[in-house]
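First up is the structure itself, then whatever we jot down about it.
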Amino acid sequence: MEKQEKKPLEKVLIICAKGSLEDVYASLVMANGAVMEGIETKMFFTFFGLDGITKKYMDKLYTGTTGNPAMRMPGGLKFPTMLGGLPGVEAGVSSMMRKQMDALDMPPPSEFLEMIAAGGGEIFACKLAVEMFKLTKEDFHEEVKDIITIGQFYEMADGDRTQIIFT
């Protein structure tokens, strides 16, 4: 049997649809990693994921504390999801997460976007979601290249070594 040659990934399109701290960071870390590996990278922020590129919210994202069965406290203890709804818990957990990220030298979302764009990555906002939330291009970080439809985003997915990742 003939061994097939492995072909490296050439392009990645990342869709960020959730606006929690952990979801936006997952998208940003994957995009930054792809850019650093020389992979053509395009990001598409839609629905609540728009918070990750909106100037007003992007560096003040919160961790989802309710309904998150994987939530853990420092030391690995499971976080009781019913506590997530108590006043101040979400803010406290989010603050703790930001401090842990700072300790790991993880930049805030605004800096991540600058790094991704500087490395050649492109960042887009979803036209439908932008219209639904009555936002404009001026509401977004300056690295947002354009507001496009999902059809326009899919057109960017040409090529046989392209992956679409939905976070």
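Identify the residue in segment 24-46 that is touching a strand residue (DSSP E or B) at 6+ places or on another chain (Cβ under 7 Å) and either aliphatic (A, V, I, L, M) or part of a helix (DSSP H, G or I) (or both) and, among all such residues, is surrounded by the most Cβ atoms within 10 Å (Cβ to Cβ). Once the filter is applied, the top-ranked residue is Met43. Which count do you get for residues in segment 136-146 that are surrounded by fewer than 16 Cβ atoms within 10 Å (Cβ to Cβ) and in a loop (DSSP other than H, G, I, E, B)? Within segment 136-146, residues that are surrounded by fewer than 16 Cβ atoms within 10 Å (Cβ to Cβ) and in a loop (DSSP other than H, G, I, E, B) number 2.
Applying a threshold of 9 Å to beta carbon distances and a minimum spacing of six or more residues, or different chains, the list of pairs starting in segment 106-125 at a residue that is without any contact (Cβ under 8 Å) to a residue 12 or more places away in the chain and ending at one that is assigned to a loop (DSSP other than H, G, I, E, B) reads Glu111/Asp59; Ala118/Glu143.
In segment 94-132, the residue that is farthest from the chain's Cα centre (by Cα) out of those that are of a type in the set (Asp, Glu) and at negative phi is Glu131. Quick one: would you say Phe133 is surrounded by fewer than 17 Cβ atoms within 10 Å (Cβ to Cβ), at pLDDT 95 or above and closer than 18 Å to Ala17 by Cβ? When the stated conditions are applied, Phe133 passes them.
Any residue that is among the hydroxyl-bearing types (Ser, Thr, Tyr), closer than 18 Å to Leu61 by Cβ, outside any helix (DSSP H, G or I) and in contact with a helix residue (DSSP H, G or I) (Cβ under 7 Å, 6 or more places away or on another chain) - is there at least one of those in segment 148-155? No, because not a single residue in segment 148-155 is among the hydroxyl-bearing types (Ser, Thr, Tyr), closer than 18 Å to Leu61 by Cβ, outside any helix (DSSP H, G or I) and in contact with a helix residue (DSSP H, G or I) (Cβ under 7 Å, 6 or more places away or on another chain).
The values are calculated or read from the model by the stated rules, or taken from the named source; none is laboratory data. Just so you know, these numbers come straight off a predicted model, no measurement behind them. Positions of Cβ are backbone-derived with ideal geometry, glycine not excepted, and every protein chain shown enters the neighbour counts.
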